[in-house]
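The values are calculated or read from the model by the stated rules, or taken from the named source; none is laboratory data. Model, not experiment: these values are computed from the prediction. Heads up, the Cβs are rebuilt from the backbone with ideal geometry, glycines too, and the neighbour counts pull from every protein chain shown.
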Amino acid sequence: MVADAREPPSVSVLQAIAVAGLVTAGGSFALGMANEDVSGIQVLLLEWISIPYVAAGLVAWWRRPDSRLGALMIAGGFATAVSALAFASYSLPHTVGLVFDILPAVIFLHVYLAFPEGRLRSQFERILVAIAYVAAISLQILKMALDGVGPHNLVKLSERPGAAHTVETVQLLSISAICLAGIGVLATRRRQAGRPLRRPVALLINSFALGLLMIAVLFVSGTLDVSQFLVIQRATLLVIGISPIAFLVGLLDARLARSAVGDLFVELRADPSPVGLRDALARALRDPSLTLAYWLPEFETWADIDGRPVQLPGSQSGRATTLIERDGAHVAALLHDPGLEDEPELLAAVGAAAGIALENGRLQAEQKANLEELKGSRARVIEAGQKERQRLERNLHDGAQQRLVALSLELSMLKRHLADDAQASQQLERARGEITASLEELRAVARGLHPAVLSGHGLEVALQSIAAHSPAPVQLSVTLEGRLPEQIEVAAYYVVSESLANIAKHAQAGTVRVEVSRAAELVVVEVVDDGVGGADTELGSGLRGLADRVEAHGGRLRVWSPPGGGTRVRAEMPCE
Amino acid sequence: MRVAIAEDSVLLREGLARLLGEAGFDVVGQCGTGDDLLLKVRSYTPDVVIVDIRLPPTHSDEGLRAALEIREKYPSVGVLVLSQYVELGLALKLLADSAEGVGYLLKDRISDVDDFLAAVRRVADGGSALDPLIVSALISRQRADDPLARLTAREREVLELMATGSSNQGIADKLVITLRAVEKYVSSIFGKLGLPSSGSESRRVLAVLLFLQS
C-alpha cells in the first residue's frame, strides 16, 4: 500500500460527532412533527438523508483519514438536519433553517464530484462547485432579503416579491445546470478510465448521477410551478438518501469479500498454477481491472506472466499498486482499482492466500524472460555469423578471385606472345588450368559462405539460380511485394537450398514445387517433392541447422515425410 | 570496334584493356563505377561495353543496373556483363525480352582469349553470348517425358552452342562441320522441340533458353 497515512480521528471525536448528529436529527424530527403544516413523510425523508450521510461520513473519515470526503459527507448530513429548522415557528431557528434550504443539495454535488479522494480534480470542477455554493448561499440570502420566502424571516429588508422570484429562478436554474454539468463530468471520467469499474463503485457512481439528475429536475420544476412538485421533491429526497447507503453497502460488501478469500484458498490449493490466477484474484477482490506483475530480480524489472517487461503505474495514473513480498523479497505486484485501498485487510488476505501461486507465476515469468533472452541471443549469434560470412565472401570476391582472374588473363596473353615456343605454351596452359580449377573451388567456397546474388538482387533471382541447378525440375513461385528483411531472406534462401540439396541426394523426386509467399505478417516457405519420402523428420543434422535459423527469427520449421509420400518442408517466419 | 570497360579491380581492368587493344579494339573508356560508365557511353557511344556486375559503392547490383539502363537508353550499344558467379535469375533479368546485343559471362572466360574476343565481337554486332554454365545446367536437368531425349548427341551439342549465342558459322567452326550441316541440325532440333524456327540467331537464343527453363 502506498499511503502517506494521516492518523485516523480519535474515537472520542467520532463518538462526539455521532452523538451530535443524532441530537440534531432528533431535534429536527421533533420540530417537524410539532409543526402541523409539515407532513410526517417530509420530516422522515430529511432524516433518511441526514442520518445515513453522517454515519457514512464517520465511517469514511475513520477508514480514509487522508480523504476529506468523510468530513464533506458529515457536513451534508448536518446541513440537511439544520435545514429542518425552517419548520420551527420561532423566527431565529426558522431563519437559520431557511438559509440552509438549498445548501445541502450543493454539498451533495460537491461530495459526488469529490469522490473518492475528497477533492475536486480540475479547475473546471472547482469553478462549477464554487458557483453552486455562491448560488446556494448568497442568492438565498438575497432572496430572503427581498422577502421571497414567507413570514418569520429575520433578514427581510424590503418587500419586492417580483425581484425575489427572479433571484430564485436564477438560483435554481443555475444550480440545475451545474448538476447536469456534474453528470457530464462523471460520465467523462468513467469513459476516460477505460476499464471496468468495481461493481460497488459503479453502483455508487450511478446513484450520484441519479441524485444530480433529480436535483436538477426538482429545481427546474420549482421554477415552473409544477403541480406535482411535492411528489418530485419526495422522490428527490428518497434518491439522495440512496448514495450514503450505497457507500455503506460497498464497505459491507468489502467485509463480505473477505469470505471470498476462503474460496480463493480452496481454489488455489486445488490448482496452484499461474494459469487463471489473475482471474481468481480478480474474482476474490471483485476488481475486474486487476492485473499482475512479477518481479524478476535477474533482470531488475517487473514483468507479466510471459516475461515481457511492464512498468508499475505511477501515483497519478489512477491505478493503485499493492506489493506482495515473501521472505523480505518482492514476488509480485497487484495493480488494482484505487478504491481497494479502503480494504487493506482484504488485499493482505488475498496476497497471503495467493502466495505460492504468485511465486509459481513469478518463476514462470522468469523462465519465459530467460527464454526470450536466449532466443534474442541466438538470433544475434546467427546474425553475427551471417555478417561475418558475408564479409568473408566479399573479401574473397574482391581479393583472391579478382587477382586469379587477372593472373589467368595475364598468362593467356603471355601464351599468345610465346606462340612459337610450344613447350612454354604448354606449361602456361597447364598453369592456367590450375588457376581455373582454383577459381572453381574458390567460387564454391565463396558461394557457400554467402549467396551474394541474394543481397544484390533479392530472393526470387537467387532462388531461380538454385532452382536451375536442381536435378529435378523445380516449379518456383515467389509471390512477394518488394524485398524482405535481409535475415529473413537469408533464412528463406537456406531453407530452399538445403531442401533442394536433400532432394537431390535422397528423394529421387520427379518434380519439386517451391513456394514463397507472404500472408499478413507471416512469410511462408514451402518445398514439396514427390519423391520417396521417409526423411528423418526429427530435424537431424542438416535440418536442425535450418530449424535454428528459422526459430531464431521467431518462426518454426516443420517437415512431413511419410514413406513413399514425398517430403514437405514448411517454414513460417513472422515478418513485420 | 569501340569498347568501354567498367571494372573496379584495376588489375583486371587494365589487363582487359590491353587484351582488347592488342586484339584491335579501340578502348574508348575505362572506369570503376556504373555512373561513370553511363557518362562514357553518352560521350563516346561505343559499340560494346564490358561491365562487372558488382561495382562500388555497395557492390550489390550497381553493375547490373547500369547494364539495364544502357540497354534501355542505347539499344545500339552491346552490353557484356561479367560476373564471378553466373546466376540464371540474373541472366533472365538481363535478357528480359531480347537477347540482341547482350552477353553474360563468367569472369573466368576472359582468359579463354579467343572465345572471349569472339563473344565481345558478337555482342557488339547485336548477337548474344550466354555462359555455357547456365546452358549446361539447364540442359542437364531431368525432365518428365524429356523432349531432349529425342535429340541425337550431335544435335544436343548444337543446341548447347546455339543457346550460348554462337552463330551458325561459329558452331560449324567449333564442331568442325560445314555450315550447311549446322543449318540442317538446327532445323531438325527446332522441329523435334516444337519451336517455331525464327530467322535471327539472337532471337533463337531466347527461345531456346525459355524452352530449357520451363
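Things worth noting here:
- All positions within segment A:395-410 that are at the interface with chain B (Cβ under 7 Å from one of its Cβ atoms) and more than 11 Å from B:Gln84 (Cβ to Cβ): A:Arg403, A:Ala406, A:Ser408, A:Leu409, A:Glu410
- Selected residue (criterion: surrounded by the fewest Cβ atoms within 10 Å (Cβ to Cβ)) from residues of segment B:1-34 that are out of contact with any strand residue (DSSP E or B) (no Cβ under 6 Å at 6 or more places or on another chain) and over 18 Å from A:Arg403 (Cα atoms): B:Gly24
- A search for C-beta distances below 6 Å between a residue of segment A:556-567 that is free of Cβ contacts under 8 Å to residues at least 40 places away in the same chain and any residue that is crowded, with 20+ Cβ neighbours inside 10 Å and of a type in the set (S, T, N, Q), counting only pairs 6+ apart in sequence or on different chains, returns A:Ser561/A:Thr567.
- Condition check for A:Gly339: surrounded by 17 or more Cβ atoms within 10 Å (Cβ to Cβ), modelled with pLDDT under 85 and either polar (S, T, N, Q) or assigned to a helix (DSSP H, G or I) (or both): yes
- Filter result for A:Ala472 (assigned to a helix (DSSP H, G or I) and of a type in the set (A, V, I, L, M)): no
Residue-wise test of (1) out of contact with any Asp or Glu (no Cβ under 7 Å at 6 or more places or on another chain); (2) within 14 Å of chain A (Cβ to nearest Cβ); (3) aliphatic (A, V, I, L, M); (4) surrounded by fewer than 18 Cβ atoms within 10 Å (Cβ to Cβ).
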| residue | (1), (2), (3), (4) |
| --- | --- |
| B:Leu105 | no, yes, yes, no |
| B:Ser111 | yes, yes, no, no |
| B:Phe116 | yes, yes, no, no |
| B:Val120 | yes, yes, yes, no |
| B:Gly127 | no, no, no, no |
| B:Leu130 | yes, yes, yes, no |
| B:Ala137 | yes, yes, yes, no |
| B:Arg154 | yes, no, no, yes |
| B:Val158 | yes, no, yes, no |
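- Taken as a whole, the condition of being under 42 Å from the mean Cα position of the chain (by Cα), closer than 21 Å to A:Gly376 by Cβ and either assigned to a helix (DSSP H, G or I) or within 14 Å of chain B (Cβ to nearest Cβ) (or both) does not apply to A:Leu557.
- Test result for A:Gln402, assigned to a helix (DSSP H, G or I), of a type outside the set (Lys, Arg), assigned by TED's automatic domain parsing to the domain that holds A:Ser438 and closer than 28 Å to B:Ala23 by Cα: yes
- From the list A:Gly77, A:Gly97, the lone residue that is assigned by TED's automatic domain parsing to the domain that holds A:Val185, modelled with pLDDT of 85 or more, closer than 19 Å to A:Leu237 by Cα and surrounded by fewer than 22 Cβ atoms within 10 Å (Cβ to Cβ) is A:Gly97.
- Per-region count, segment A:309-338, residues in contact (Cβ under 8 Å) with a residue 24 or more places away in the chain, at negative phi and out of contact with any strand residue (DSSP E or B) (no Cβ under 8 Å at 6 or more places or on another chain): 2
- Every test in (1) assigned to a helix (DSSP H, G or I); (2) in contact with a helix residue (DSSP H, G or I) (Cβ under 6 Å, 6 or more places away or on another chain); (3) assigned by TED's automatic domain parsing to the domain that holds B:Asp52; (4) not hydroxyl-bearing (Ser, Thr, Tyr) is passed by B:Ala172 save one, and that test is (3).
- Selection from segment A:448-459 of residues that are surrounded by fewer than 18 Cβ atoms within 10 Å (Cβ to Cβ) and facing chain B (nearest Cβ under 9 Å): none
- Check on B:Ala119, outside any loop (DSSP other than H, G, I, E, B), assigned by TED's automatic domain parsing to the domain that holds B:Leu94 and closer than 30 Å to B:Tyr74 by Cβ: yes
- Residue within segment B:90-98 that is of a type in the set (Gly, Ala, Ser) and in contact with a Gly (Cβ under 9 Å, 6 or more places away or on another chain) present: no
- Residues of segment A:460-484 that are of a type in the set (Val, Ile, Thr) and surrounded by fewer than 19 Cβ atoms within 10 Å (Cβ to Cβ): A:Thr479 alone.
Residue by residue, here is whether (1) part of a helix (DSSP H, G or I); (2) surrounded by 15 or more Cβ atoms within 10 Å (Cβ to Cβ); (3) modelled with pLDDT under 90 holds:
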| site | (1), (2), (3) |
| --- | --- |
| A:Arg378 | yes, yes, yes |
| A:Ser408 | yes, yes, no |
| A:Leu414 | yes, no, no |
| A:Ala419 | no, no, yes |
| A:Ala424 | yes, no, no |
| A:Glu429 | yes, no, no |
| A:Glu440 | yes, no, no |
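- Checked against the criterion of being of a type in the set (A, V, I, L, M), part of a strand (DSSP E or B) and surrounded by fewer than 19 Cβ atoms within 10 Å (Cβ to Cβ), the candidates A:Leu210, A:Leu323 yield just one match: A:Leu323.
- Enumeration of residues in segment A:475-508 that are part of a helix (DSSP H, G or I) and among the polar types (S, T, N, Q): A:Gln487, A:Ser497, A:Ser499, A:Asn502
- A:Glu481 vs. criteria within 12 Å of chain B (Cβ to nearest Cβ), touching a residue at least 24 places away in the same chain (Cβ under 8 Å) and farther than 18 Å from B:Leu210 by Cα: no
- Residues that are within 45 Å of the chain's Cα centre (by Cα), more than 23 Å from A:Gly385 (Cα to Cα) and either surrounded by fewer than 23 Cβ atoms within 10 Å (Cβ to Cβ) or within 13 Å of another protein chain (Cβ to nearest Cβ) (or both) are absent from segment A:485-493.
- Condition check for A:Asp548: at negative phi, among the charged types (D, E, K, R), in the same structural domain as A:Pro485 (by TED's automatic domain parsing) and in contact with a Ser or Thr (Cβ under 9 Å, 6 or more places away or on another chain): no
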